[in-house]
Amino acid sequence: MDNKNTNVNEAEAAKQYAIMEELKALFDQEYQKTGKRKTYHIETFGCQMNSRDSEKISGILKQIGYEETDTEDADFVLYNTCTVRENANNRVYGRLGYLGKLKKKHPGMLIAICGCMMQEAAAVEKIKTSYRFVDIIFGTHNIFKLAELLKTRLESDRMVIDLWKNTDMIVENLPNIRKYSFKAGVNIMFGCNNFCSYCIVPYVRGRERSRNPQDIIDEIKKLAADGVVEVMLLGQNVNSYGKNLDNPMTFAELLREIEKVDGIERIRFMTSHPKDLSDDLINVMKESKKICKHLHLPIQSGSTRLLQIMNRKYTKESYLELVDKIRAAVPDISLTTDIIVGFPGETEEDFLETIDVVRKVGYDSAFTFLYSKRTGTPAATMDGQVEESVAMERFDRLLKEIQASSAKSAGKDEHTVQKVLVEEVNEQDPTLLTGRLSNNLLVHFPGDKSLIGKIIDVSLDESKGFYYMGSIR
Ligand code: 5AD
Ligand code: SF4
């Protein structure tokens with residue numbers, strides 16, 4: 001992010017705060033009359049970036065005087081959409097049908113759709129024609145304008161649509177709500193420049209923009225002062241952080257600065273692109289007392305031939321070398337990955353290369369995806385689209401392989417005592433607490449909810465495959 005935009009962005013934040021104040025006064029008046037606060041509900045689809053965006057939306061709405069509710073029978077319903085795979089879009093259309101019926105029974109209900117799917121012209125067209133009851137459409141670049149869009153909608157009777165193709169604006173210091181009091185996601189960059197040939201993200205999230213390091217550090221210091229002990233640094237490709245700053249800085253250097261923030265005890269980050277993972281970063285991970293022992297390192301395919309067509313810029317061999325280097329530096333690290341099955345032109349041989357990587361790396365877990373054709377990406381028009389039945393059959397085989405690999409690595413810490421961040425009361429058994437290990441696995445153990453948000457020693461008494469049962473030490 002260029003520093004030269006700072007003043008513009010401060011002015012923008014001030015403008016938005018003024019609109020929030022104006023709406024708040026209006027809503028307060030209504031509250032005086034009715035005795036009821038207006039409610040909002042957000043459905044968040046997709047990744048952690050979207051979850052973080054939904055927190056920002058919540059921050060703005062609470063500032064205006066809305067109260068959150070967990071049902072869709074609310075005064076303002078927002079869908080924060082994902083479009084990375086086709087089925088994500090279909091889920092939104094399905095839910096919208098239901099929402100339209102609900103709106104008929106709920107006078108004055110407002111509906112907004114935002115997020116990645118709205119950055120696609122075809123999806124917006126479909127909503128404009130088939131779901132005309134939608135009130136506001138906005139995208140991934142202008143969330144900070146929500147109050148303004150709401151004001152426009154309240155003053156007119158038309159669908160308000162505000163979509164930006166791209167932006168170099170990063171508006172700092174807007175209101176903010178966090179889901180957890182003790183851990184927080186922190187955006188360090190937005191967008192993606194990689195254009196992997198299957199992926200729609202660069203088209204819907206725009207070009208890569210890094211936040212100024214000082215803004216990031218200031219935010220993390222504030223979080224720490226607020227009681228946050230764990231931060232998750234978010235970016236589409238965190239390893240290329242800082243390249244386009246006025247004073248370029250690497251991700252490894254940023255991590256060193258974050259490590260110095262008192263009160264922060266755990267640092268996680270997501271997502272790492274293998275092509276940009278530097279030796280310096282491996283060193284920082286090795287030396288750090290705070291960076292968690294978990295690395296999510298998407299491979300997508302084990303076939304060097306396909307990796308090239310995917311535009312991933314690494315080979316099977318270089319990926320495996322990287323894994324060796326990381327494991328040599330941080331032996332107890334947990335490795336997870338993303339894999340796509342059925343990319344155009346994938347042959348049985350290509351697929352077996354993927355299986356081979358899974359066996360060689362021995363992932364702790366993996367997210368597996370059936371290739372989904374995204375209009376506008378280079379892969380969508382490639383020859384050799386794989387038949388669904390073939391892809392499904394490969395998908396099942398891959399899943400078995402991953403399960404075998406996870407089963408092998410799970411339980412390796414059984415009978416040890418580990419540091420655990422206590423996150424919540426167990427959903428099924430209220431006498432138990434649920435905590436997270438540095439390597440991202442969960443452990444359930446008896447304890448009092450006053451421990452939530454604390455990092456404590458827990459003995460991992462029994463491995464249950466994907467989680468542990470334990471006891472407090
Ligand atoms: N089809 C299937 N999976 C995809 N991903 C991204 N684009 C597609 C697509 N078109 C997967 C990748 C990425 C993860 C977030 O989603 O594995 O790492
Ligand atoms: Fe998509 Fe590739 Fe960017 Fe990840 S790195 S968001 S897979 S284009």
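Just a few scattered comments:
- The lysines within cross-link reach of residue 104, meaning a Cα-to-Cα straight distance under 19 Å and a gap of 8 or more places when in the same chain, are 38, 128.
- The magnitude of the dipole of segment 423-473, with charges of +1 and -1 set on the Cβ of Lys/Arg and Asp/Glu and taken from the Cα centre, is near 140 debye.
- Estimated at the nearest 10 Å², the accessible area of residue 68 is 100 Å² with a 1.4 Å probe.
- Distance from segment 80-158 to segment 248-295 (C-alpha centre basis), Å: 37 Å
- Fraction of accessible area attributable to carbon and sulfur, segment 183-292 (%, probe 1.4 Å): 49 percent
- Think of it this way: in the chain, 47, 82, 114, 116, 192, 292 stand alone, with no other Cys Cβ under 4.7 Å.
- Hydrodynamic analysis of the chain uses the Kirkwood radius over alpha carbon pairs. Inserted into Stokes-Einstein at 4 °C and 1.567 mPa s, it gives a translational diffusion coefficient of 54 µm²/s.
- For residue 112, neighbours were defined as the other residues whose beta-carbon sits under 15 Å from its Cβ, and their charges (Lys and Arg +1, Asp and Glu -1) total +2.
- Over 26 Å (Cα to Cα) - which of 103/145; 24/165; 275/464; 126/165 fall in this group: 24/165; 275/464
- Taking the DSSP beta bridges with both ends in the chain, the antiparallel portion is around 35 percent.
- Relative packing of peptides 176-182, 243-249, 334-340 - highest average C-beta neighbours within 10 Å first: 334-340, 176-182, 243-249
- Rounded to the nearest 20 debye, the dipole magnitude of the chain is 680 debye, with +1 charges on Lys and Arg beta carbons, -1 on Asp and Glu beta carbons, and the Cα centre as origin.
- Taking the 1.4 Å solvent-accessible surface of segment 1-162 as the whole, the part contributed by carbon and sulfur is 48%.
- For segment 1-162, the solvent-accessible area of protein heavy atoms averages 47 Å² per residue (probe radius 1.4 Å; ligands and nucleic acids excluded).
- Using θ = phi - 60° and Karplus 6.51 cos²θ - 1.76 cosθ + 1.60, couplings along segment 458-470 (whole Hz; Gly, Pro as x): 10, 8, 8, 6, 8, 7, 10, x, 9, 8, 10, 9, x
- Length available on full extension from residue 217 to residue 25: 0.36 nm per residue minus the Cα-Cα distance, which gives 65.8 nm.
- DSSP bridge pairs, segment 183-292: antiparallel proportion in percent, nearest 5: 15 percent
- The residue among 32, 184, 143 whose Cα reaches farthest toward the positive pole of the charge dipole of the chain, with charges on the beta-carbon of Lys, Arg, Asp and Glu, is 32.
- Where 171, 425, 231 fall by accessible area, highest first, once all protein chains stay in place (1.4 Å): 425, 171, 231
- Spacing of the two label points (7 Å from each Cα toward its C-beta) at residue 247 and residue 393, in nm: 6.0 nm
- Sites residue 466 and residue 373, calculated FRET efficiency, Cβ-Cβ separation with R0 51 Å, nearest 0.05: 0.95
- For the listed residue pairs 325/360; 105/179; 289/419; 290/400, the alpha carbons are over 23 angstrom apart in 105/179; 290/400.
- Computed over neighbours whose Cβ is under 12 Å from that of residue 354, the net charge equals -2, Lys and Arg +1, Asp and Glu -1.
- Share antiparallel - DSSP beta bridges, segment 1-162, percent rounded to 5: 0 percent
- For segment 85-172, the set of GluC sites (Glu not before Pro) satisfying both a DSSP loop assignment and a count of at most 12 other C-beta atoms within 10 Å is empty.
- With all protein chains kept in place, the per residue accessible area of segment 183-292 amounts to 36 square angstrom at a probe of 1.4 angstrom.
- Cα lying deepest toward the dipole's positive end in segment 245-325, options 270, 258, 310, charges on Cβ: 310
- Cα centroids of segment 419-464 and segment 362-403: 34 Å apart.
- The order of 78, 102 by accessible area, most exposed first and with a 1.4 Å probe, is 102, 78.
- Share of carbon and sulfur in the accessible area of segment 300-409 stands at 55%, probe radius 1.4 Å.
- When Rg and the Kirkwood Rh are both derived from Cα coordinates, the Rg/Rh ratio for segment 300-409 amounts to 0.98.
- Residue order for 289, 126, 360 - accessible surface, 1.4 angstrom probe, largest first: 289, 360, 126
- Heavy-atom accessible area per residue - segment 416-472, 1.4 Å, Å²: 49 Å²
- Each stretch of four or more DSSP H residues adds -39500 (n - 2.57); spread over every residue of the chain, this sum gives -12000 deg cm²/dmol at 222 nm.
- Efficiency of FRET between residue 71 and residue 321 - r from beta-carbon atoms, R0 41 angstrom, step 0.05: 0.20
- Highest mean packing first, where packing is the average number of other Cβ atoms within 10 Å per residue, the peptides 9-16, 277-284, 53-60 line up as 53-60, 277-284, 9-16.
The values are calculated or read from the model by the stated rules, or taken from the named source; none is laboratory data. Everything numeric in this text was worked out from a predicted model, so none of it was measured. Positions of Cβ are backbone-derived with ideal geometry, glycine not excepted, and every protein chain shown enters the neighbour counts. For the accessible areas, the whole protein counts, side chains as well, though only heavy atoms, and no ligand, DNA or RNA atoms are used. Shrake-Rupley method; radii C 1.70, N 1.55, O 1.52, S 1.80 Å.
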